[in-house]
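Student: Take a look at this one; I'll ask things after.
Quick note: the coordinates plus some simple rules give every number you see, no bench work behind them. Everything numeric in this text was worked out from a predicted model, so none of it was measured. Virtual Cβ from ideal backbone geometry, glycine too; neighbours counted across all protein chains shown.
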Amino acid sequence: MTTVLVAGATGSLGRQVVEKLLDRGADVRALVRPASVDELAAHPNLTPCVGDLADGADALARHLDGVEVVVSAVQGGPEVIIDGQRALLRAAEGAGVHRMVPSDFSINLHGYGYGVNVLSDLRRVFADEFATSSVARTSVAIGAFPEYFLGAVHEVLDPAASTFSLWGEGTRPIDVTTIPDTAAHTAAIALDPKTAGREVHVVGQRLSMLELRDEVEAASGRRWELVRKGTLRDLREEVARRRFTASTMFQCVALQAQVAMFDGTGSLRDVRNADYPDVVPTSVAAYLADRGAAHFTPPDTTWGRDEWPTAL
Ligand SMILES: NC(=O)c1ccc[n+]([C@@H]2O[C@H](COP(=O)([O-])OP(=O)(O)OC[C@H]3O[C@@H](n4cnc5c(N)ncnc54)[C@H](OP(=O)(O)O)[C@@H]3O)[C@@H](O)[C@H]2O)c1
């Protein structure tokens with residue numbers, strides 16, 4: 001039985017990674033902050049480990065004895081993605097951990113350079129830590145979560161106005177993978193020793209923005225007016241403008257992600273779904289016919305200036 005420590009085990013993705021690892025027979029330690037420990041469901045092979053990445057490597061080390069793989073699904077700024085994950089990596093090195101899956105779970109963040117997407121930049125800075133580490137890095141890339149991409153933060157769907165907005169031509173395929181499918185793939189990849197030191201790209205479905213609009217219309221049974229917001233050059237200019245005008249950082253960051261999605265630099269390469277045939281991804285149509293139908297009505301919550309948006 002492989003022992004895996006999951007950081008961010010109470011998050012949208014992390015809690016499902018824990019479930020999928022348990023389904024695969026792993027022995028799971030869930031690193032949870034004190035205020036979140038009640039959110040963990042009980043399971044005979046699940047051990048809660050109360051701690052915070054901010055506690056530092058020495059404090060984290062006590063949770064890592066006997067752990068073979070670390071999966072991180074934390075979310076946050078540089079203090080979490082760089083400093084916090086670095087502390088976890090240092091503790092993992094001391095404990096002889098074989099592999100670590102860092103909290104990347106994005107488009108192909110190595111397809112474009114620094115300065116395009118601040119969240120990718122944090123992840124690339126942390127990736128460099130593995131160059132001199134005894135722990136092998138296994139990065140999982142999945143494209144976009146529809147749970148966020150079709151939510152308010154990305155400004156694609158406006159359910160109150162029944163509009164579907166896009167930048168550029170809308171004909172280039174983008175990569176879309178649901179959170180449960182990402183979790184299922186991550187569990188399989190984390191338990192696969194062949195992934196040590198590799199970037200593993202897996203995807204739910206590839207489709208263009210125009211095809212995505214067709215799926216939205218078919219699933220919702222209503223018309224969504226197509227709003228062409230401008231060229232990709234216009235998108236880049238809007239991103240630059242928002243650095244000064246956005247009232248939350250996400251109004252800038254979501255568009256930064258769209259730059260690399262729509263110009264193709266963030267497209268997944270060498271997709272490895274065939275290596276994990278027992279993970280059967282959900283189509284966009286199936287997602288929209290089920291949980292994703294919630295995107296078709298206006299949300300009743302907004303998020304605060306410094307609050308991370310939540311998934312559907
Ligand atoms: N590709 C995409 O479209 C897409 C979209 C969204 C997210 N993502 C990625 O998916 C990953 C997970 O995101 P998510 O939406 O699941 O995040 P989330 O729901 O916000 O969960 C974040 C988790 O990190 C934990 N955490 C934060 N700071 C911590 C610390 N200092 N010490 C220990 N735990 C800490 C939180 O604990 P508490 O429960 O105690 O707060 C929570 O469990 C991230 O890498 C994110 O960038 C990708």
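Student: L268: net charge of surrounding residues, Cβ under 9 Å, Lys/Arg +1, Asp/Glu -1, itself excluded?
Tutor: Summing Lys and Arg as +1 and Asp and Glu as -1 gives 0.
Student: Under the classification rounded if a/c is under 1.5, otherwise prolate if a/b is larger than b/c and oblate if not, where does segment 1-66 fall, given a ≥ b ≥ c as square roots of the Cα gyration tensor eigenvalues?
Tutor: Taking the square roots of the gyration eigenvalues as a ≥ b ≥ c, segment 1-66 is oblate.
Student: Quick one: putting +1 on the C-beta of Lys and Arg, -1 on the C-beta of Asp and Glu, what dipole do you get for segment 5-74 around its Cα centre, in Debye to the nearest 20?
Tutor: On the way: 6 positive and 10 negative charges, 30 e Å.
Here segment 5-74 has a charge dipole of around 140 debye.
Student: Please give the net charge around L166, taking every other residue with its beta carbon less than 9 angstrom from that of L166, where Lys and Arg add +1 and Asp and Glu add -1.
Tutor: Neighbourhood net charge equals +2.
Student: Label points 7 Å out from Cα along the Cβ direction at A294 and E79: separation in nm?
Tutor: Distance between label points: 2.9 nm.
Student: Before anything else, pin down the relative contact order of segment 1-151: Cα pairs under 8 Å, at least 6 apart, normalised by residue count, whole percent.
Tutor: Relative contact order, segment 1-151: 21 percent.
Student: Please compute the modelled spin-label separation between A161 and R228, points set 7 Å along Cα→Cβ, answer in nm with one decimal.
Tutor: Spacing of the two 7 Å Cα→Cβ label points: 1.7 nm.
Student: Additional query: With r defined as the distance between the Cβ atoms of M1 and D275 and R0 fixed at 25 Å, what FRET efficiency is calculated, to the nearest 0.05?
Tutor: Efficiency, rounded to the nearest 0.05: 0.70.
Student: Nearest 10 degrees is fine. How inclined is helix 85-95 to the longest principal axis of the chain, computing both from alpha carbons?
Tutor: Orientation of helix 85-95: about 30 degrees from the principal axis.
Student: Quick check: residue separation of K194 and T47 times 0.36 nm, minus the Cα distance between them. What number comes out in nm? If you can, show how the numbers build up before the last one.
Tutor: On the way: separation 147, 0.36 × 147 = 52.92 nm, distance 2.61 nm.
Taking 0.36 nm per residue and subtracting the Cα distance, the gain is 50.3 nm.
Student: Given Cα pairs under 8 Å that are at least 6 residues apart, what percent is the relative contact order of segment 69-216?
Tutor: It comes to 25 percent, rounded to a whole number.
Student: Give me, ordered by chain and number, the residues 5 or more places off S103 or on other chains with an amide H under 5 Å from its own placed amide H.
Tutor: S72, V74
Student: 7 Å from Cα along Cα→Cβ at both E217 and A54: what's the point-to-point distance in nm?
Tutor: 4.9 nm
Student: Could you rank the peptides 55-66, 225-236, 186-197 by their average count of other C-beta atoms within 10 Å per residue, with the highest value first?
Tutor: In decreasing order of mean packing, 55-66, 225-236, 186-197 become 186-197, 55-66, 225-236.
Student: Enter the angle in degrees (range 0 to 90, nearest 10) between the Cα long axis of helix 232-245 and the first principal axis of the Cα atoms of the chain, meaning the one along which they spread out most.
Tutor: Helix 232-245 sits at roughly 70 degrees to that axis.
Student: Then there is this: By count of other Cβ within 10 Å, fewest leading, how are V239, V284 ordered?
Tutor: V239, V284
Student: Just add up the charged neighbours of G25: K/R +1, D/E -1, any other residue whose Cβ is under 14 Å from the Cβ of G25.
Tutor: Around G25, the charge tally is -4.
Student: Looking only at V140, V216, V125, which one moves most when the chain is put into a Gaussian network model with springs between Cα atoms under 10 Å?
Tutor: Of V140, V216, V125, the most mobile in the Gaussian network model is V125.
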